[in-house]
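All remarks here apply to the structure that follows.
Only the coordinates and a few stated rules stand behind these numbers; no lab work does. These numbers come from a predicted model, not from an experiment. Methodologically, a virtual Cβ is constructed for each residue, glycine included, from the backbone with ideal geometry; neighbour enumeration extends over all protein chains shown.
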Amino acid sequence: GCNGNLMKDPLTGTENGTTTQEPTVLGEGATVFMFTVVDGEGVETLFEIHTDKTIVGDALLELNLIEGEMDTYGLYVKKVNGITADYDVNKTYWAFYINGEYALSGVDTTEIKEGDSYAMKVSR
């Protein structure tokens, strides 16, 4: 039985007994960072990115993980991991996060920092 005393795993942040998703490893290069995609239903897909690029967006574009178009503010990401979020269509958009915090910089201008994790989440 479950008595509510589940311990959190310090590495994954998940409770013992729950299935943890192994990250999909993509790319080649000396720099490694974690990238999480959260779809409109809250389902997370985890990637371990290996790259020689210095900008998060450049690494993700190179691996075809993100697609978008350039506008006056930079790269407007419309598709991540094959999932489309388009404000003009359904009032959703892809929000960019660094270490769990809403990013103040765009994915196309954010330098990869060792130890940082990045995420794109469907938002309204």
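Between E22 and Y102, the contour length at 0.36 nm per residue exceeds the Cα-Cα span by 26.4 nm. Each label was represented as a point 7 Å from its Cα along the Cα-to-Cβ direction; for H50 and V32 these points are 0.8 nm apart.
Ignoring lysines fewer than eight residues from K91 along the same chain, the ones with Cα atoms less than 18 angstrom from its Cα are K78, K79, K121. State whether the range 24-89 is rounded, prolate or oblate according to the following rule on the C-alpha gyration tensor (a ≥ b ≥ c being the square roots of its eigenvalues): a/c under 1.5 gives rounded; otherwise a/b larger than b/c gives prolate, and the remaining case gives oblate. Oblate.
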